[in-house]
Amino acid sequence: MAHLQRPVWIPAHDLADSTEAALLPIEYFGGGRCLPALVPAGCIDMALLASLKQLMADYGETVAVQRMRYDRAYAFACIAAAHSASDRVLRRLAVILFEIYTSGIEDPF
């Protein structure tokens, strides 16, 4: 049986200019409670949305976490804004969230 290594936490400011940010696993951002949301899986890890809110706040943008759960148009607008940021960690989180919001959907638009 293979032994799984625990992910090593690296402060986001140490990754901001690193190419390693693009390879961050979902576990780096997640690990919170999974609550109902309008995503294909039916629920979303609230730690992911909290991470998005915090990282976007660093850019002066506000994110309404509860609205992201039930307003898909708003969620996609926030994800697009996050993906256009210069912070690689924030862009990686945007990709992860986009995959969650579109998984199992042939054409999300």
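The values are calculated or read from the model by the stated rules, or taken from the named source; none is laboratory data. Computed from a predicted model, the values in this text were never measured in an experiment. No Cβ is skipped: glycine too gets one built from the backbone with ideal geometry, and neighbour counts run over all protein chains shown.
Overview of results
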{"read-out": "Matching residues in the range 29-44 - criterion: being touching a residue at least 24 places away in the same chain (Cβ under 8 Å) and of a type outside the set (A, V, I, L, M, F, W, C)", "value": "P36, P40"}
{"read-out": "Of the criteria (1) buried (at least 21 other Cβ atoms within 10 Å of the Cβ); (2) in contact with a helix residue (DSSP H, G or I) (Cβ under 6 Å, 6 or more places away or on another chain), which one D45 fails", "value": "(2)"}
{"read-out": "Enumeration of residues in the range 28-37 that are surrounded by 12 or more Cβ atoms within 10 Å (Cβ to Cβ) and either modelled with pLDDT under 70 or not in a strand (DSSP E or B) (or both)", "value": "Y28, F29, G30, G31, G32, A37"}
{"read-out": "Positions within the range 38-59 being farther than 16 Å from Y101 by Cβ and part of a loop (DSSP other than H, G, I, E, B), in sequence order", "value": "D58, Y59"}
{"read-out": "The range 35-53, subset out of contact with any strand residue (DSSP E or B) (no Cβ under 8 Å at 6 or more places or on another chain) and aliphatic (A, V, I, L, M), residue farthest from A64 (Cα to Cα)", "value": "A41"}
{"read-out": "Candidate set from the range 62-104 (those that are in contact with a Lys or Arg (Cβ under 9 Å, 6 or more places away or on another chain) and surrounded by fewer than 17 Cβ atoms within 10 Å (Cβ to Cβ)); member that is farthest from L35 (Cα to Cα)", "value": "S84"}
{"read-out": "Among the candidates A77, A50, residue that is among the small types (G, A, S) and within 12 Å of the chain's Cα centre (by Cα)", "value": "A50"}
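Condition check ((1) touching a helix residue (DSSP H, G or I) at 6+ places or on another chain (Cβ under 8 Å); (2) without any contact (Cβ under 8 Å) to a residue 24 or more places away in the chain) across all residues:
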{"residue": "Q54", "(1), (2)": "no, yes"}
{"residue": "R72", "(1), (2)": "yes, no"}
{"residue": "F76", "(1), (2)": "yes, no"}
{"residue": "H83", "(1), (2)": "yes, yes"}
{"residue": "I96", "(1), (2)": "yes, no"}
{"residue": "Y101", "(1), (2)": "yes, no"}
